[in-house]
Each structure stands twice: as structure tokens, then as C-alpha cells.
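The values are calculated or read from the model by the stated rules, or taken from the named source; none is laboratory data. Bear in mind that the values here come from a model prediction, so they are computed numbers and not experimental data. Positions of Cβ are backbone-derived with ideal geometry, glycine not excepted, and every protein chain shown enters the neighbour counts.
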Amino acid sequence: MSLQKTIQSEASISGVGLFTGEKVSLRLCPAAPDTGIRFRRMDLSGKPWVPALLPYVGEAVRCTRLVAGRSSVMMVEHLLSALFAYGVDNVVVEIEGPEIPAVDGSAQPFLELIEKSGLVSQEAPRRCGIISRPVSWSEGEVHLVALPSSEFRISYTLHYPHSPLLRSQYYSFVVQPLRYKAEIALSRTFSLYEEILPFVEKGWIKGGGLENALVIQGGRILNPEGARFENEMVRHKILDLIGDLALIGMPIQAHVIAIRSGHASNVAFAKVLAKALEQEERVFIPKAVECGR
């Protein structure tokens, strides 16, 4: 029987928020079994909790944002992706600021934080969501489907026909800790220069730069060091999708196939998948939880 896991010791990281441009910091703390992943805004009165679950997803542009009452946390997907890939079930994320540090735009700094903390098994069984039939969600040219599988695999197709550099990219990946570290974690968030410029001009992205994002203009990458992988962009799409699916609140076993999805569609699909998992025998999906403890 698989057991739940938490981290062994506290570990901290700080940096600049991609959207606010403010200096922010967070600390990962061990948590009891069945706690799940919870954020706590240490900088706000009462230190309010924000659970990392689907019922708490709020509106956002180009990221995933969690909201509970008047408290919110933006840009949670990279940290959640790393925690999910490493099998961390229970952790409290104490955060000073409204968003997760952008660091270098990848999940690698968060993996290093988890490795620094270490992992420990807990005396509580780990639930896993397993589907017995296909589950799908589509809207326009965006499609996501989960197929029954003996493993957790993600196959993603990225399609930017108007970008001479991107065009189409495909990658298929079995979610395992060491493979995630080698193949996915290092991939950075990316954007076409023409798409991101209006957001920068309107002041919606105050902390973005070539140090924390891969920027593409025409047929070239503006970052002096270039891409970390030839297909770094589709790998980052997988990174994001793992982080968004983590909001279901449990590990899942399925082959997820995604075409041109982003955060909003990932979350919409995750809600459909969570509902399907509820209908399977012996599966419990965490709901909105009491956050006062």
C-alpha cells in the first residue's frame, strides 16, 4: 500500500513576482496526513489559508490563481507541478506576498527546495484516482482527453502556426520523479514577443524579463543563452498541465492527451476529470475544506 508523504524539514526561497514585480518569499513546511497542499498568506492579517484545490481557482491571465475569501495566491502552477511530480501529498506553503516567486521561470528551483527538505512517508494510505473509461473536454481547437492507463502519462501537442520558430511541437512523458527532473523541470515559461508586449505596456506583468521567461520574436529566441531544449516550449506546457491537474487533490493514473491547452482549459478539464473520478469506486475527491486549523 502506498503511503502519503510530506517533507522532512522546512526550506525557503525568495525572488520577484512575475506579475507584481514585488519581492516575495515562501517557506515549505511539513504537514500532517490528509492536510493536502495549502498556502498561507503570512503577510496578511489573520494569516489566511488558501487550499490548492479546484474549488478555489479564480480568474487570472496567463497563470493559475487560487482565491479564498479576500486572500489569493498567483502563479502557483510551477510549484504545484514540482510537488505533484515528486509525490508530496501534504505541505503547508507559507508565503509573504501575493504570488509565487518566478525565479527562472521553471520548476527546477522548487525541485531543489524539495530535495533540500527531503521526503518522509506518513502512516496514512495514499489515495489515487483511476479512471475506467475515457474522459474528455473540448472547446474550439483545444482538446483534452484522459484514457485509462497503468501509469500517469501526458502527451501534449503545441501548435503555433503563425510562429516561424514554434510551429508544432509534440512530447510524451511518463510522470516519474527522476524523469521529471531530467526532462520537464528545467523548461521555462515562454511567450511570443508580440503577445506579451500589450500586457507589459499595460503594467500587468511588472516582473517579467529574459531572466525568468523564454521570449520568442519572429524566428529567433531573444534570450542570449537560447533554449534549454530544442522543444523546451512543449515541455513547459506539460509542466503547467501537471501543476493544474494537481488541483484535483490526489495522484491520478491515466494517459492525458492535450492539444493546445492552457491554464483555463486545463482547469476546466480537471473539473470534468475530478467528477469522473468521483463516480469510480473507492475514490474520494477533496472538496472545499475548513482552513482554520
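Which residue, of PRO224, PRO198, is more than 30 Å from SER150 (Cβ to Cβ) and in a helix (DSSP H, G or I)? After applying the criteria, what remains is PRO198.
Just for segment 108-141: of the residues that are polar (S, T, N, Q) and not in a strand (DSSP E or B), which one is farthest from ALA11 (Cα to Cα)?
Once the filter is applied, the top-ranked residue is SER132.
Of the residues making up segment 204-225, none is touching a helix residue (DSSP H, G or I) at 6+ places or on another chain (Cβ under 6 Å), modelled with pLDDT of 95 or more and over 24 Å from PRO98 (Cβ atoms). The set of residues in segment 173-195 that are in a strand (DSSP E or B) and either charged (D, E, K, R) or within 15 Å of HIS236 (Cβ to Cβ) (or both) comprises PHE173, PHE190, SER191, LEU192.
Has segment 70-90 got at least one residue that is under 30 Å from LYS202 (Cβ atoms), part of a strand (DSSP E or B) and not hydroxyl-bearing (Ser, Thr, Tyr)? Taking every residue of segment 70-90 in turn, at least one turns out to be under 30 Å from LYS202 (Cβ atoms), part of a strand (DSSP E or B) and not hydroxyl-bearing (Ser, Thr, Tyr).
Residues in segment 237-258 that are touching a Ser or Thr at 6+ places or on another chain (Cβ under 6 Å), of a type in the set (A, V, I, L, M, F, W, C) and assigned to a helix (DSSP H, G or I): LEU239, ILE242.
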